[in-house]
Amino acid sequence: MRRYLDIRQIPLPWSRRDNTQNESSPLIPKADSSKEGAQELGYVTNEQDHDSPVFSRIQTYYRYSLMDYFLKYFLFLCNLVFTALGLVVLGLGMWGLITKESFAQESIGSIGTDPMLILVTLGFVLTVLCLSGCVGALRENCCLLKLFSVAVLVLISAQMLAAIVAYSLQDQIGSYLRSGMLTAMARYQDDLDLRFITDEIQSNLQCCGADNYRDWEVNIYYNCSAPGVLACGVPATCCVDPLQNGTVWNSQCGVGAQLLDEFTAQSVIFLGGCLGGISRWIEQHNGLIGTVAVVVLGVQILTLFVTTRLLEIIQRQKVYM
């Protein structure tokens, strides 16, 4: 019969516990203690659950400040500008390679020595690096921001290392420049990029050759043993006045200039070499070069600081969500 009877235990008067709160029981939490503690801590509580005797639900959150928004969109806009700049550099490099047909089957082997490849590499690296920072800042992606910060840190370290190496090898830099200048002069007629660079250097610095105007003997077309009309001559960018009658470009103004003595040649062409002109230009603009280097390095350090700060803000927000 037991399983059909509902047996209930009747609580006895002496077995009941006193659950009422009083001042002498400090360990028993009061009914409104959780609510008051939440209000003191500044938490947001659910109003519907305050009246419930079972539990009260507390939700916490982290609000962005104006400075946080400023850092986020400042990093986004900076990387957006440099991403556009990287795309422009990449486009110029690709345009130069396509214009010269460097991807043709007969010239694909020499693409590694093409100066336009430097623009392509620089534009690609700049675009990928700044695009990761741009998207990471906009989407608050920690992986992209960490990748961007590491890349910027490596770039800063590489620049400082390059500056130290350049300062320690400053005596050998002149010989490297001289060999590079002579190589560009030897390939002057064959490579349009090297020709453009050489002409710009000679016309802007008013110089001719590496050390002097007779260095153009390294070129097979300007060598005195060459059969053509350019033999014993120099390019028109070496001329003091390359314009005929002040209006028409005279490409033959440097013909036979190597046969002239220095006294006679100084009225026709520039006698000084471009290596000396480069050294003088660096000495004259030493302050400007240093200022630009400091500004570029400062912008990179500031970008690294902003990225690190933004990462801290994003991680703090994820903790409170």
Scan (1) open to solvent by less than 80 Å² (accessible area, probe 1.4 Å); (2) of a type in the set (S, T, N, Q); (3) free of Cβ contacts under 8 Å to residues at least 40 places away in the same chain for the single condition THR308 breaks and write down its number.
(3)
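Here is a yes/no grid of residues against (1) loosely packed, with under 13 Cβ neighbours inside 10 Å; (2) basic (Lys, Arg); (3) touching a residue at least 24 places away in the same chain (Cβ under 8 Å); (4) closer than 26 Å to ARG195 by Cβ:
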| site | (1), (2), (3), (4) |
| --- | --- |
| LEU243 | yes, no, no, yes |
| VAL248 | yes, no, no, yes |
| GLN252 | no, no, no, yes |
| ALA257 | no, no, yes, yes |
| PHE263 | yes, no, no, no |
| PHE270 | no, no, yes, yes |
| LEU275 | no, no, yes, yes |
| TRP281 | no, no, yes, yes |
| GLN284 | yes, no, no, no |
Show the residue pairs meeting these rules: Cβ distance below 8 Å; 6+ apart or different chains; first residue within segment 205-217 and in a helix (DSSP H, G or I); second residue open to solvent by 10 Å² or more (accessible area, probe 1.4 Å) and of a type in the set (Phe, Trp, Tyr).
LEU205/TRP281; TYR213/PHE270; TRP216/TYR222
Under 6 Å between Cβ atoms, which residue pairs at least 6 apart in sequence (or on different chains) link something in segment 219-240 that is farther than 19 Å from LEU182 by Cβ and modelled with pLDDT of 90 or more with a partner that is β-branched (Val, Ile, Thr) and crowded, with 17+ Cβ neighbours inside 10 Å?
CYS239/ILE269
By residue number, the members of segment 120-151 that are closer than 13 Å to VAL306 by Cα and buried (at least 18 other Cβ atoms within 10 Å of the Cβ) are GLY133, CYS134, GLY136, ALA137, LEU145, PHE148, SER149
Which numbered condition GLN189 fails, given (1) assigned to a helix (DSSP H, G or I); (2) touching a residue at least 12 places away in the same chain (Cβ under 8 Å):
(1)
Selection over segment 79-119 where residues are at pLDDT 90 or above and open to solvent by less than 60 Å² (accessible area, probe 1.4 Å) yields a count of 7
Among the candidates SER179, SER225, SER203, SER168, residue that is out of contact with any Cys (no Cβ under 6 Å at 6 or more places or on another chain), open to solvent by 30 Å² or more (accessible area, probe 1.4 Å) and under 18 Å from GLY272 (Cβ atoms)
SER203
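The values are calculated or read from the model by the stated rules, or taken from the named source; none is laboratory data. Just so we're clear, the structure is a prediction, and the values are computed from it rather than from any experiment. With ideal geometry, Cβ positions are generated from the backbone for all residues, glycine too; neighbour counts draw on all protein chains shown. These accessible areas exclude ligands, DNA and RNA; they are computed on the full protein's heavy atoms, side chains included. Shrake-Rupley method; radii C 1.70, N 1.55, O 1.52, S 1.80 Å.
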